[in-house]
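Single-structure report; data block below.
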Amino acid sequence: MSYQTDIIIVNYNTKKLLAGCIESIREHTGSPADYRLWVVDNGSTDGSVAYLRSLRGVNPIFNRQNLGYAKACNQGMAAGCGQYIILMNSDLIATPGWLPPLLKTLRAPEVAVVGPRLVSPDGFLVGAGVVGTNEQPVIRGWGEPDRPDLYNEPTECISLCGACLGLKRELLPVLGYFDEHYFHYFEETDYCYNARWHGFKVVYTPESKLIHYVNGSCRNRRLLNQYYIRSKAYFDQKWEKRFRIRQF
């Protein structure tokens, strides 16, 4: 293996956002020899396929239809062989120095999942970790100004925003891949809960910062709501028994 990190982007009809995401990664991620960039396209019809075929230094995986976020992430994870895995939405913009803090945190043996500080294009927090309890999670900082004094310490969380997650390949045999029952929503929450169930930590890493165009990859509110309801019902059913057995 000649590189350290697999960066995996899932795309579905977001050609313009995808181009911005890839450009920012190339600009702010150091030497291309240190990472391999994968894009899993879920059957796009907006010109994304032709765009991806025109790029050098990007490893595309083309699906004929939309297989969902969890399955697409799994395809990217299975294709790579880097020590670390960074999963990204296509509606993200990397900023200078975004990757090293995530990898540094992941190097701790007890850490299984990391996530960055996510900020909207107009300067408001949209990702600073989820705390609280398993039954009563609390999303920190949503909609608050992106001030240096807010949520500026690494924090152990119960889960993180799935727009950008860092994982360890060595833990895949233990934790598995994403649960493909989730088409959209809750796949990252499920993975974070599973990591903690196995005794590992989930850590918010504010030294890493990305810009997130929230819901940039899908603006169909009705469809998103359907996905959310379906995924939440499955998540609740899956984890309710574990909540009763043991608090973790």
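The values are calculated or read from the model by the stated rules, or taken from the named source; none is laboratory data. Bear in mind that the values here come from a model prediction, so they are computed numbers and not experimental data. All Cβ positions, even for glycine, are placed from backbone atoms using ideal geometry, and neighbour counts span all protein chains on display. Areas reflect the complete protein model, heavy atoms only, side chains present, ligands, DNA and RNA absent. Shrake-Rupley method; radii C 1.70, N 1.55, O 1.52, S 1.80 Å.
Label reach from Arg230 (point 7 Å along Cα→C-beta): in region 64-92, amide nitrogens under 18 Å belong to 64-74.
Plainly put, region 1-61 has a radius of gyration that is 0.96 times its Kirkwood radius, both from alpha-carbon atoms, as the Rg/Rh ratio. Subtracting the Cα-Cα distance of Ile139 and Arg107 from their residue separation scaled by 0.36 nm leaves 9.0 nm. If I compute solvent accessible area with a 1.4 Å probe over the protein chains, what percent of it on the chain is carbon and sulfur? The value for the chain is 52 percent carbon and sulfur by accessible area. Spin-label model, Gln237/Asp149: points 7 Å from Cα along the beta carbon direction are separated by 4.8 nm. Its Cα centre serving as origin, the chain has a Cβ charge dipole (Lys and Arg +1, Asp and Glu -1) of approximately 500 debye.
Using only Cα coordinates, the Kirkwood hydrodynamic radius of the chain works out to 18.2 Å. If you run the Gaussian network model on the chain, springs between alpha carbon atoms under 10 Å, then out of Gly166, Gly80, Gly176 the most flexible one is Gly176.
Averaged over residues, the count of other Cβ atoms within 10 Å places the peptides 125-135, 53-63 in the sequence 125-135, 53-63, highest first.
Taking the Cβ-Cβ separation of Cys81 and Glu156 as r and a Förster radius of 30 Å, what is the calculated FRET efficiency to the nearest 0.05?
0.55
Amide H to amide H, with H built 1.01 Å from N, Ile61 comes under 5 Å of Val39, Val40, Asp41, counting only residues 5 or more places away or on other chains. Note on Ser31 and Gln65: their simple-model spin labels are 4.4 nm apart, each label 7 Å out from Cα toward Cβ.
Computed over protein heavy atoms with a 1.4 Å probe, the accessible surface of the chain works out to 47 Å² per residue. The amide H of Gly132, built 1.01 Å from its N in the peptide plane, has Val138 as neighbours under 5 Å, considering only residues 5 or more places off or on other chains. Using Cβ point charges alone (K and R +1, D and E -1), the dipole size of region 1-123 about the Cα centre works out to roughly 220 debye.
Region 94-111 and region 117-190 have Cα centres separated by 14 Å. Under the convention that each Lys and Arg Cβ holds +1 and each Asp and Glu Cβ holds -1, the size of the dipole of region 117-248 around its Cα centre is about 380 debye.
Take the cross-link list Lys209/Lys241; Lys15/Lys104; Lys201/Lys232 and give me the ones stretching past 29 Å between alpha-carbons. Going by Cα-Cα distance, Lys209/Lys241; Lys15/Lys104 fall outside the 29 Å limit. Inter-label distance, Glu180 to Leu55: 2.4 nm, where each label sits 7 Å from its Cα along the C-beta direction. Residues whose amide H comes within less than 5 Å of that of Gly82, counting only those at least five positions distant or on another chain, are Asp6 (H built at 1.01 Å from N in the peptide plane).
Calculated mean residue ellipticity at 222 nm for the chain: -9500 deg cm²/dmol, from DSSP H runs with n ≥ 4 weighted as -39500 (n - 2.57), summed, divided by the residue count and rounded to 500. Phi angles across region 13-25 convert, under the Karplus curve 6.51 cos²θ - 1.76 cosθ + 1.60 with θ = phi - 60°, into 3J(HN,Hα) values of 6, 10, 3, 5, 5, 4, 4, x, 5, 4, 4, 5, 5 Hz, Gly and Pro given as x. Dividing the Cα convex hull volume of region 65-192 by residue count, how many Å³ per residue is that? Hull volume over Cα atoms, normalised by residue count, gives 129 Å³.
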